[in-house]
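Novice: One structure follows; several queries about it will come next.
FYI, it's all coordinate maths here, none of it is from the lab. Every value quoted in this text rests on a predicted model; they were computed, and no experiment measured them. Here Cβ is always computed from backbone atoms with ideal geometry, including for glycine, and neighbour counts include all displayed protein chains.
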Amino acid sequence: MPENRDWWKRAVFYQIYPRSFMDSNADGVGDLDGINRRLDYLAELGIDALWISPVYPSPMKDFGYDVSDHEDIDPLFGDLAAFDRLIAAAHERGLRVVMDYVPNHTSDQHRWFRESRLSTTSPKRDWYIWKDARPDGSPPNNWESIFGGPAWHWDEASGQYYLHLFLQEQPDLNWRNPEVVEAMENVLRFWLDRGVDGFRMDAVMLCIKQADFRDNPPVAGDSPWKKLGLTLEPLHTLNQPELHHMLRRFRALLDGYPSRPVMIGETWLFDPAELAAYYGPDLDEFQIPFNFMGTRLPWEAAAVRDALEAYYAALPEGATPNFVLGNHDVHRLATRFGYDNHRSAGLLLLTLWGIPTMYYGDEIGMQDVPIGPAESVDPWGLRRPGLDIGRDPARTPMQWDATLNAGFSPPKAKPWLPLASNYRERNVAAQREDTASTLNFYKALLRLRREHPALQRGGFAFVDPVPGGVLAYVRSAEGQRLLVAINFEASAKTVDLSALGGAGELLLSTHATPAGAVASALTLGPHESALILLSA
């Protein structure tokens with residue numbers, strides 16, 4: 001890959017959930033060689049970087065986020081040779097590869113934890129968070145697991161509790177121990193030396209806990225954590241001030257590599273100012289602290305605009321914003337926003353001022369797949385059955401073609417999760433041949449993004465006034481102006497262009513509207529959105 005120290009600023013990231021992307025060996029689970037086989041598709045689509053969810057050795061209690069060896073590949077996905085082939089093949093096509101890095105916890109089968117739990121005097125005892133019981137035998141404090149229940153598990157053999165903010169099979173590392181810091185930095189070096197282009201850091205906001213282990217307070221009535229099933233505000237387990245020092249160490253390590261790998265944070269924060277702090281005081285922490293506001297907002301023009309204004313206003317000078325609308329932890333955007341709006345959501349994501357991250361399958365309009373109780377496997381959903389947080393529906397196999405198993409697995413295999421019932425109609429092969437398809441819409445949109453600097457790094461300004469239910473903004477660079485107009489509603493809307501010069505050229509519409517000249521007014525049909533090159 002050619003050296004470009006700021007390559008990430010103009011990149012479009014594409015998340016691959018490897019279990020569900022492409023199965024190359026007929027075991028019903030996607031793998032690295034499967035991803036390799038589909039690299040030409042990704043290059044043709046027009047994305048710049050792949051983020052691959054965990055492929056490390058794991059007992060798969062949380063489908064790879066319970067790592068038992070940070071420096072190898074689980075046989076389910078292949079081996080290190082397959083990983084090296086994938087890196088080389090991606091780089092040959094100009095694609096970067098970002099790995100998932102899981103710093104908060106390991107599997108209880110990790111050699112570090114197995115040694116840690118041998119006795120209270122084990123050399124690795126302090127690599128994890130062990131505490132004595134209270135006098136009555138109860139856990140050390142009231143902290144709760146995100147997956148439900150207490151965050152402490154009693155270990156009968158060694159006579160103490162250990163902390164797990166997720167499953168009991170996912171014990172938390174002690175990031176206040178310098179040996180842990182050194183070991184986990186060596187993990188980063190191991191993969192950087194193999195050629196990876198950066199890391200998305202999972203659950204990183206939880207790595208540092210409050211030093212005195214005080215009880216967490218009850219959730220407030222309107223707390224966003226309540227919607228996730230928590231009864232306690234994670235005041236002393238999330239977003240601790242010492243975390244910033246740890247992140248600056250990580251960033252310095254990554255910046256020491258000539259290719260300047262990117263550092264992305266899974267920063268589930270609901271306040272724009274708190275999120276913006278994770279760029280660092282000198283932009284020396286995350287280049288991309290993930291902005292998840294789009295995963296929580298209703299599909300309403302006013303709500304989206306308010307959120308954008310608050311987010312942009314909070315950014316430190318010189319920071320590059322970013323946007324995520326969908327990933328492996330939330331319902332698919334075509335389900336959340338409604339299928340009529342799924343192309344408009346794509347247009348929004350790829351034309352805002354900021355770095356976009358797509359989720360596999362969104363480019364063909366994949367929706368949630370209903371998963372019955374007998375087929376559910378997600379530990380979060382299974383442990384909180386009364387909440388709509390099960391993640392299986394958004395993790396189903398990619399729909400490649402109309403053959404049995406949608407081309408994801410050979411016909412003789414059984415995919416690990418059920419396929420969508422409409423895969424014979426909604427798949428890559430069918431949409432390639434349909435000029436009006438969602439896939440070809442995304443290809444055109446990504447091509448326009450590459451061709452127009454204004455969409456990558458240009459200025460951003462909202463357009464006023466516009467009809468209710470419409471969001472409009474102008475991107476500008478190098479004497480060129482592009483208008484984005486999004487109709488969030490089910491009725492036609494007319495946008496007056498006179499204040500913008502009064503004319504332009506329609507480059508792309510979410511509907512079948514043909515490209516061509518636009519006069520002094522733009523009429524958007526129900527749920528229609530458009531990209532227009534304005535006259536100079």
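Novice: Nearest 10 degrees is fine. How inclined is helix 243-255 to the longest principal axis of the chain, computing both from alpha carbons?
Specialist: Helix 243-255 and the main axis of the chain meet at about 70 degrees.
Novice: Using each residue's phi in segment 66-75, evaluate 6.51 cos²θ - 1.76 cosθ + 1.60 at θ = phi - 60° and report the 3J(HN,Hα) Karplus result to the nearest Hz, with x for Gly and Pro.
Specialist: 10, 7, 9, 7, 7, 10, 7, 10, 5, x
Novice: While we're here: Mind pulling the angle between the C-alpha long axis of helix 301-314 and the longest principal axis of the chain? Nearest 10 degrees, somewhere in 0 to 90.
Specialist: 60
Novice: Give the peptides 88-100, 506-518 in descending order of average Cβ contacts within 10 Å, highest first.
Specialist: Answer by packing, highest mean first, reads 88-100, 506-518.
Novice: Still on this structure: Which aspartates and glutamates have a Cα less than 18 Å from the Cα of Lys412, not counting those fewer than 8 places away in the same chain?
Specialist: Within the straight-line cut-off, Lys412 pairs with Asp23, Asp27, Asp31, Asp401.
Novice: Between Arg214 and Asp434, what is the label-point separation in nm under the 7 Å Cα-to-beta-carbon projection?
Specialist: So the two model labels end up 5.7 nm from each other.
Novice: Could you work out how far helix 80-92 tilts from the main Cα principal axis of the chain, as a 0 to 90 degree angle to the nearest 10?
Specialist: That helix lies at roughly 20 degrees to the long axis.
Novice: What is the order of Arg214, Arg332, Arg449, fewest Cβ neighbours within 10 Å to most?
Specialist: Sorted ascending by nearby Cβ count, the order is Arg214, Arg449, Arg332.
Novice: Among 379-388, 482-491, 156-165, how do they line up from the highest to the lowest mean number of other beta-carbon atoms within 10 Å?
Specialist: My ranking of the peptides, most packed first, is 482-491, 156-165, 379-388.
Novice: Which translational diffusion coefficient, to the nearest whole µm²/s, is obtained for segment 111-163 from the Stokes-Einstein equation, given a Kirkwood hydrodynamic radius over C-alpha pairs, 20 °C and 1.002 mPa s?
Specialist: 187
Novice: Looking at the P(r) of segment 1-63, how many percent of alpha-carbon pairs lie beyond 20 Å?
Specialist: 37
Novice: Round to a whole angstrom and tell me the spacing of the C-alpha centers of segment 92-158 and segment 294-346.
Specialist: 33
Novice: If you don't mind, there's one more thing I want to ask. Over the chain, what is the percentage of antiparallel beta bridges among all DSSP beta bridges, to the nearest 5?
Specialist: Percent antiparallel among DSSP bridges in the chain is about 65.
Novice: Return P(r) of the chain (all Cα-Cα pairs; 20 Å bins starting at 0; whole %; ordered from short to long distances).
Specialist: Per 20 Å bin, starting at 0, the Cα pair percentages come out as 21, 55, 22, 2.
Novice: Sorting Lys414, Lys226 on the 10 Å Cβ count, fewest up front, what's the list?
Specialist: Starting with the residue having the fewest Cβ neighbours, the order is Lys414, Lys226.
Novice: Using only C-alpha positions, report the orientation-averaged shadow area of the convex hull of segment 221-321, nm², one decimal.
Specialist: Projected over every direction and averaged, the Cα hull of segment 221-321 covers 7.8 nm².
Novice: Going by how many other beta carbons lie within 10 Å of each one, how would you line up Ser107, Ser20, fewest first?
Specialist: Ser20, Ser107
Novice: Here's another thing I want to ask about it. State which entries of Lys131/Lys209; Lys131/Lys226; Lys9/Lys443 exceed 24 angstrom in Cα-Cα distance in the structure shown.
Specialist: The answer is Lys131/Lys226.
Novice: Stokes-Einstein at 4 °C, 1.567 mPa s, Kirkwood radius from Cα pairs: D for segment 455-534 in µm² s⁻¹?
Specialist: Stokes-Einstein gives a translational diffusion coefficient of 104 µm²/s.
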